[in-house]
Amino acid sequence: MEGRTKILLHVCCGVCATSVVERLCEEGFEVTAFFYNPNIHPPEEYERRLKTFLKVAEIMNFPYLIGEYEVEKWWERIKGLEKEPEGGKRCEVCFQLRIEETYRIAKEMDFPFFTTTLTVSPHKKAEVINRIGKEIGEERFLIRDFKKKEGFKRAIQLSKEFSLYRQNYCGCIFSKR
Ligand code: SF4
């Protein structure tokens, strides 16, 4: 691993981590994953996604950190945006919270770069996520659109190979309804 550039990768779930970690490693990064998702509802679902992520970390053998499950903080941030449609303002705030915390840890632990798996989802706009990442982390944020070059397809392929649990909603109570 000598000579590789360290990067802290915010991970939204184990499935998305698969192809993104693979791609960043191919690009020559030394990846540490950071699971921080206080948006996930209910707690049983949070535990299930965390467990899936830990399984991926074990199979792919990468180091990781687990953030706090700060549900109240998430609710505080999205206050007034409950009725927003998926992909709207509430999601921007939800991305912001998770990217901010990743940036805080990246600075604290001296990671020269950080980014997020969020852009691998075909339902999420990379321009929005990258804009927020740059606003928060400036030069330290690595702009990527991981769904490009069939990144999402590869995540599904690897998740089948690893027999992973795949959720059918984004995460919050509103996306579950
Ligand atoms: S739909 Fe997804 S991104 Fe949007 S607020 Fe809910 S959990 Fe966050």
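For (1) under 14 Å from the mean Cα position of the chain (by Cα); (2) in a loop (DSSP other than H, G, I, E, B), each residue gets a yes or a no:
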position	(1), (2)
118	yes, no
134	no, no
146	yes, yes
164	no, yes
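For (1) within 16 Å of the ligand (Cβ to nearest atom); (2) among the polar types (S, T, N, Q); (3) modelled with pLDDT of 95 or more; (4) in contact with a Ser or Thr (Cβ under 8 Å, 6 or more places away or on another chain), each residue gets a yes or a no:
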{"residue": "150", "(1), (2), (3), (4)": "no, no, yes, no"}
{"residue": "154", "(1), (2), (3), (4)": "no, no, yes, yes"}
{"residue": "160", "(1), (2), (3), (4)": "no, no, yes, no"}
{"residue": "165", "(1), (2), (3), (4)": "no, no, yes, yes"}
{"residue": "171", "(1), (2), (3), (4)": "yes, no, yes, no"}
{"residue": "175", "(1), (2), (3), (4)": "yes, yes, yes, no"}
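Being within 15 Å of the chain's Cα centre (by Cα) and touching a residue at least 40 places away in the same chain (Cβ under 8 Å) is the filter here, so list the residues in segment 31-50 that pass it. Lay out the reasoning, then the answer.
Of the residues in segment 31-50, the ones within 15 Å of the chain's Cα centre (by Cα) are 31-40, 46, 49-50.
Correct list: 32, 34, 36, 37, 38, 39, 40, 49.
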As an exercise: evaluate residue 6 against (1) surrounded by 15 or more Cβ atoms within 10 Å (Cβ to Cβ); (2) without any contact (Cβ under 8 Å) to a residue 60 or more places away in the chain; (3) touching a strand residue (DSSP E or B) at 6+ places or on another chain (Cβ under 8 Å) and give the number of the one condition it does not meet. (2)
When only residues in segment 58-112 that are touching a residue at least 40 places away in the same chain (Cβ under 8 Å), more than 13 Å from the ligand (Cβ to nearest atom) and in a helix (DSSP H, G or I) count, which is surrounded by the fewest Cβ atoms within 10 Å (Cβ to Cβ)? 59
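Would you be able to tell me the number of residues in segment 113-132 that are of a type in the set (D, E, K, R) and either touching a residue at least 40 places away in the same chain (Cβ under 8 Å) or away from the ligand (no atom under 14 Å from the Cβ) (or both)? Full working, then the answer.
Step one: list which residues in segment 113-132 are of a type in the set (D, E, K, R), which gives 124-125, 127, 131.
From what's left, either touching a residue at least 40 places away in the same chain (Cβ under 8 Å) or away from the ligand (no atom under 14 Å from the Cβ) (or both): 127, 131.
Counting residues in segment 113-132 that are of a type in the set (D, E, K, R) and either touching a residue at least 40 places away in the same chain (Cβ under 8 Å) or away from the ligand (no atom under 14 Å from the Cβ) (or both) gives 2.
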In segment 120-130, what count of residues is obtained for those that are over 19 Å from residue 78 (Cα atoms) and in a helix (DSSP H, G or I)? 4
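The values are calculated or read from the model by the stated rules, or taken from the named source; none is laboratory data. Because the structure is predicted, anything quoted here is derived from the model rather than measured. No Cβ is skipped: glycine too gets one built from the backbone with ideal geometry, and neighbour counts run over all protein chains shown.
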